[in-house]
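Engineer: If you scroll down you'll find the structure; I have some questions about it.
The values are calculated or read from the model by the stated rules, or taken from the named source; none is laboratory data. On a predicted model such as this, the values are computed, not experimentally measured, just so you know. Don't worry about glycine lacking a Cβ; one is built from the backbone with ideal geometry, like all the others, and counts go over all protein chains shown.
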Amino acid sequence: MGSNLDVEVSVNTEEKDSSPVYKKYTDEEIKAKENELNELKKTLENKKYLLSNDKYLAKKMLNWLETQVSWSYTECIGVVKLYEEIKSIIADKEEKFFMSMGAITAMNYLFQKTSGNGYKSAREIVDMIQIIVEILNTSIKKDSDDVRKLEFELSSMMEGIQPYTETENSETK
């Protein structure tokens, strides 16, 4: 019960070699990349992300932290710090609502622990979560990706391997 199938095999000999390109980097080049990475980390450490053009969301989050947040053991420290940060943001003369990466990540963590009853409490949480998740998935993700890219480039350079770049990828297509 055999069948005769003709199989044609083609070999693409024009493919570029995907093996790493080795290069000896100078101490100055490596130090420059380290400085670039450290500067980016320092910038992001102090960066604030816009959550709202007014303080309504900040007041909502503050109320939630005062009355509804669920925490256990040492999480209380985070709740207190978030509460104090948001309270100072509300007291600030700036109309827009900005938060740091750490505060946004902490709020997201606390939202993930939340449970409730009924549509009204669900709707209140969803409005806050949507903004936090959007910031996490866009601005903060991009900034984190930029740090990881520089860390990869630095690591590659220290090992004497030329870092892979997107321009090299587009050239191979």
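Engineer: Taking the criterion of being charged (D, E, K, R), in a helix (DSSP H, G or I), surrounded by 11 or more Cβ atoms within 10 Å (Cβ to Cβ) and at pLDDT 90 or above, would at least one residue in the stretch 129-139 satisfy it?
Structural biologist: Our first condition is that a residue be charged (D, E, K, R); within the stretch 129-139, this holds for 134.
If we keep only those that are in a helix (DSSP H, G or I) as well, we get 134.
Next cut, surrounded by 11 or more Cβ atoms within 10 Å (Cβ to Cβ) only: 134.
The next check asks that each one be at pLDDT 90 or above; those that pass are 134.
Yes.
Engineer: Between residues in the stretch 129-141 that are under 17 Å from Lys41 (Cα atoms) and in contact (Cβ under 8 Å) with a residue 12 or more places away in the chain and residues that are of a type outside the set (A, V, I, L, M) and not in a helix (DSSP H, G or I), which pairs lie under 7 Å by C-beta distance while being six or more apart or on different chains?
Structural biologist: These pairs meet every condition: Ser139/Tyr49; Ile140/Tyr49.
Engineer: Just to verify a result, which residue in the stretch 52-97, among those that are among the hydrophobic types (A, V, I, L, M, F, W, C) and in contact (Cβ under 8 Å) with a residue 60 or more places away in the chain, is surrounded by the most Cβ atoms within 10 Å (Cβ to Cβ)?
Structural biologist: Kept after step one, since they are among the hydrophobic types (A, V, I, L, M, F, W, C), are these residues of the stretch 52-97: 57-58, 61-62, 64-65, 69, 71, 76-77, 79-80, 82, 86, 89-91, 97.
Next, from what is left, pick out any that are in contact (Cβ under 8 Å) with a residue 60 or more places away in the chain: 57, 61, 64.
On the way: Leu57: 18, Met61: 27, Trp64: 20.
Taking the candidates together, the pick is Met61.
Engineer: Considering every residue within the stretch 98-116, establish whether at least one is in contact with an Asp or Glu (Cβ under 7 Å, 6 or more places away or on another chain), without any contact (Cβ under 8 Å) to a residue 60 or more places away in the chain and part of a helix (DSSP H, G or I).
Structural biologist: yes
Engineer: For the stretch 1-60, give me the residue count where each residue is at pLDDT 90 or above and of a type in the set (Phe, Trp, Tyr).
Structural biologist: 2
Let's see how each residue does on (1) more than 30 Å from Glu34 (Cα to Cα); (2) within 24 Å of the chain's Cα centre (by Cα); (3) polar (S, T, N, Q):
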| site | (1), (2), (3) |
| --- | --- |
| Leu65 | yes, yes, no |
| Ser70 | yes, no, yes |
| Ile90 | yes, no, no |
| Glu95 | yes, no, no |
| Leu110 | yes, yes, no |
| Ala122 | yes, no, no |
| Asp145 | no, yes, no |
